[in-house]
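The block underneath contains the structure these notes are about, expressed in C-alpha cells.
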Amino acid sequence: MQQNQFREPIDKLFECAAMLAQAADAHMIDDRETAATLIKSTNLVEVREWLDSIWGKCSPYVLVRRIESAPRLLAKHERQETRMPSAAQKRQLHLRDGFHCRFCGIPVIRKEVRALLHKEYPSELPWGKTNATQHAAFQALWTQYDHILPHARGGTNEMDNMVIACAACNFGRMNYTIEEVGLNDPRLRKPVKSNWNGLEHLLSKSAQITLPES
C-alpha cells in the first residue's frame, strides 16, 4: 500500500513550530527571556519519540519491500562526486518547495537558523554530537535536501530529483527508493503553502531565503 509519509505528523510538531515563530519574534525585539522560555519549552519528549520511531533502528513505520527493477546500490567511486546541492540549488529548492517537507508536510528550519539560535541560547537549544543531546523540535524540523532517486543509487542533484524534506522522512528512507518503502512520489503533489518562512527573518538579508509572495 502506497502512502505519502511513513507516519502521520503529531500535533505537537505544529505547536512547536508556532512557538518557535513566537520565540523568533521575541528575539527580534530583544525579549530574550521570552525567546529562551519558548525555545526550551519545545524540547519535548513526544516530539523526540515521534522522530525516533521513524529514523530509529527497526522502525515499525519503515517497511522495505524488494523491487526487482530498482537501481542497484552503487560503489562510492561510481556515485556522483558532489552529493549535496550547491547554495544556489538549495535556494531554488526553497523557492519551489517553500519550508515544508514535501512528504509529510511539517514545517522545516534550515541549519543556519538553528546555528544562530544555538549560539544565542545554548542552554535552551542544546545541539550535541548525539541525537539524545540535541533539541527535539529542531531535530524533527531540520531541513533536508532529499534525493528522490538516492545518491547511492545513482541520483543526481538535478532539481527534478530533489525535494525539501524533514529529518524523519529523509533519514527514515535511508538509501531506499520511494517504491521500496511504499511512498508516493511527493513531486506529484503541490508543495504546502503557508505563512511559515522557516524563521528566515532571523538571518541577515544576505543569508536568508525570501520566498516570493503568493
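Nothing in this text is a laboratory measurement; each read-out follows from the coordinates by a stated rule. Since the structure is predicted, the reported quantities are computational estimates derived from the model, not experimental observations. Positions of Cβ are backbone-derived with ideal geometry, glycine not excepted, and every protein chain shown enters the neighbour counts.
Apply 1/(1 + (r/R0)^6) to the Cβ-Cβ distance of S204 and Q89, taking R0 = 25 Å, and write down the FRET efficiency to the nearest 0.05. Can you show the working numbers first?
Numbers: r = 21 Å, r/R0 = 0.83.
The value I calculate is 0.75.
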- Task: For the stretch 30-46, just list the computed ³J(HN,Hα) in residue order, Karplus coefficients 6.51, -1.76 and 1.60, θ = phi - 60°, integers in Hz, with x standing in for Gly and Pro.
- Result: 6, 8, 5, 5, 5, 4, 4, 4, 5, 4, 4, 6, 9, 7, 9, 4, 4
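Sorted by mean Cβ packing within 10 Å, highest first, what order do the peptides 77-87, 173-183, 53-63 take? Numbers along the way, then the final one.
Details: 77-87: 11.5, 173-183: 17.5, 53-63: 14.5.
Ranked from most to least packed, the peptides come out as 173-183, 53-63, 77-87.
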- Excluding residues fewer than 8 places away in the same chain, name every one of the lysines whose C-alpha is closer than 21 Å to that of K190. K90
- Return the long-range amide H neighbours of H100 (sequence gap of 5 or more, or a different chain), with a cut-off of under 5 Å between placed amide H atoms. V108
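Between rounded, prolate and oblate, where does the stretch 36-90 land on the alpha carbon gyration tensor, with a ≥ b ≥ c its root eigenvalues, rounded for a/c under 1.5, else prolate if a/b exceeds b/c? Intermediate results must be reported in sequence, preceding the final value.
Details: a/c = 3.81, a/b = 1.47, b/c = 2.60.
Oblate is the answer for the stretch 36-90, as a/c is 1.5 or above yet b/c matches or exceeds a/b.
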- Message: With the crude spin-label approximation of a point 7 Å out along Cα→Cβ, what separation in nm comes out for Q2 versus T37?
- Response: 4.8 nm
- How about K193: which aspartates and glutamates have a C-alpha closer than 14 Å to its C-alpha, ignoring those fewer than 8 places off in the same chain? D97, E213
- In nm, to one decimal, how far is the modelled label at E46 from the one at I29, with both set 7 Å along Cα→Cβ? 2.8 nm
